[in-house]
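Engineer: I'd like to ask you about the structure that follows.
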Amino acid sequence: SRAAAAPAGATHAPVTGAGMTEVFADGRDRPLDFPATLPAVLRRATQRYGDQTFLALGERRLSFADAERESAALARGLLGFGLGRGSRVGLMMPNSPDWALAWLASARMGALTVPLSSLYQPPEIAWALRHNDIDTLLVQASYLGHDYLDRLEAALPGLTEQATGQLRLLGAPYLRRI
């Protein structure tokens, strides 16, 4: 099928639900009647499933409504720091509801999400930050005995000497926020 024409001034055609289907309770597929974007899919799922569990880990439970609300709040906060469409947001945290919320928030802003393995050691972290042009890194301080902040300090010489505000590191020239 032909892609939709791009709006005036746009650099790419909008993604639509053309050719994609949604399965309903009666078992029949129907074409999507909304844009096939992650935020739109989450909104539709929230309308359908609301307080049902979206994601669970241990005792923590997120409903679809929670995921919608919390990812929107995180996206607003990140937008307030100047992030937006085209930003490169690195996620260095274990698989968890927080990881999913950060990914959803990043998608809401039109940012590119770059997952970094929580098993990366300092040389791998430095390489990933430098070669993926990550400008913002969302990191969990620690998990199951792994201290991610220590790893970051080892990966980025001079990090601990940085003044408050935007970072300026030779080893990660695009990184401005952690």
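The values are calculated or read from the model by the stated rules, or taken from the named source; none is laboratory data. What you see is a predicted model, and the numbers here were worked out from it, not measured in a lab. All Cβ positions, even for glycine, are placed from backbone atoms using ideal geometry, and neighbour counts span all protein chains on display. The accessibility values were calculated without ligands, DNA or RNA, using every heavy atom of the protein model including side chains. Shrake-Rupley method; radii C 1.70, N 1.55, O 1.52, S 1.80 Å.
Engineer: I'm checking my understanding of the structure. Among residues of the stretch 49-74 that are hydroxyl-bearing (Ser, Thr, Tyr) and open to solvent by 50 Å² or more (accessible area, probe 1.4 Å), which one is farthest from Ala141 (Cα to Cα)?
Structural biologist: Restricting attention to the stretch 49-74, the residues satisfying the condition of being hydroxyl-bearing (Ser, Thr, Tyr) are 49, 53, 63, 71.
This time we only want the ones that are open to solvent by 50 Å² or more (accessible area, probe 1.4 Å), so: 49, 53.
Values: Tyr49: 32, Thr53: 26 Å.
Here the residue is Tyr49.
Engineer: Could you list all residues from the stretch 114-139 that are closer than 11 Å to Met92 by Cβ and in contact with a Phe, Trp or Tyr (Cβ under 6 Å, 6 or more places away or on another chain)?
Structural biologist: Val139
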